[in-house]
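For reference, the structure is listed below as structure tokens.
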Ligand SMILES: Nc1ncnc2c1ncn2[C@@H]1O[C@H](COP(=O)(O)OP(=O)(O)OP(=O)(O)O)[C@@H](O)[C@H]1O
């Protein structure tokens, strides 16, 4: 399960104004990737291009030999069946109960009997922890439950790729932690390829295998989680540390004068915080694409920030198990990697 998505030289503009240019990346099969970026940098536009709701100006989106960017409607319709999408508000029909909302894609797109539909719908409702709530209307449940219902509906056609548009928007930190755990568990159970657009830095630091950052009309970075969390690129450091110092301004990038003033005032980007352990599945098994903590740093001769890969005793998260076999990163001091795990 899970398919690779290869994006090559993708460019999109509206009315001549570019949203981003020449975006190239590969979402590896079965892995979780996160896409970050300041507001308005085109993250939602990117998701819509992937699923064929918007046509890019140039470039290719290759999935199982199909090019979504250029293919005909009929082919696009078939490829879209590979996708499940969780929209920001769950996009549920307000007049239908949760059961009918989740059953909707099966009734629309398959010829399954109501008995078969019932068994599939109830299994997805159970997967997202909503058993017992299936007769409720969307207006009668909390925002977190609506997200989970939207997720059950996104899962119902057994997609190979699941796109999440700000799954944590409007959720408190505790519900966000539960949702993140659910996402990691579902990735393990389904093996599907996940892409999550989020503004939540904690999610970005702990959930994905890969991180991408859109900024200033281009893809500033895409790569393994450890690579991005160790990055010395000012824009990546500023964003992942949620700071005002750095090239990202209030509404757009800072101009040369503002950056010169920061440099003259001796204001510097803060040190990188420790890299946390990746969130592991709640059953204690390794993630499908598990790599030992610190492996990327060790392979690339990069010293991770002090304190990296240490279990966080205050976290309710289940970090990756020690059995994943921690590697000692190059230059790692005492307490860094090597023996990390719960
Ligand atoms: N259908 C459209 N027609 C014209 N412009 C659009 C359209 N869709 C998006 N845009 C523009 O594209 C840019 C990127 O929008 P997008 O919603 O993808 O940003 P985003 O990174 O997802 O923002 P946020 O983090 O605030 O949700 C914005 O300037 C937006 O106004």
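Just so it is clear, none of the values below were taken in a lab; they were calculated from the coordinates. Nothing here was measured: the structure is a model prediction, and the numbers come from that model. Glycine gets a Cβ as well: all are built from the backbone with ideal geometry, and neighbour counts include every protein chain shown.
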**Asked** How high is the FRET efficiency from residue 232 to residue 4, r the C-beta distance, R0 30 Å, rounded to 0.05?
**Response** 0.55
**Request:** Express in nm, to one decimal, how much length is gained between residue 57 and residue 126 on full extension, taking 0.36 nm for each residue of separation and deducting their alpha carbon distance.
**Result:** 20.7 nm
**Request:** Could you pull the Rg and Dmax for region 43-118, using just the Cα atoms, both in Å?
**Result:** 15.1, 45
**Request:** Would you work out the relative contact order for region 2-89, in percent, from Cα pairs under 8 angstrom that are 6 or more residues apart?
**Result:** 30
**Item:** Gain in span if fully extended, residue 115 to residue 169, counting 0.36 nm per residue against the direct Cα distance
**Value:** 15.9 nm
**Request:** Please work out the Cα center distance from region 200-235 to region 109-164, rounded to the nearest Å.
**Result:** 31
**Prompt:** How far apart, in nm, are the 7 Å Cα→Cβ label points at residue 24 and residue 301?
**Reply:** 2.5
**Complete:** Assertion target for 96, 227, ordered by fewest C-beta neighbours within 10 angstrom first, is 96, 227
**Item:** Peptide ranges 170-178, 297-305 listed from the most packed, as the mean C-beta count within 10 angstrom indicates
**Value:** 297-305, 170-178
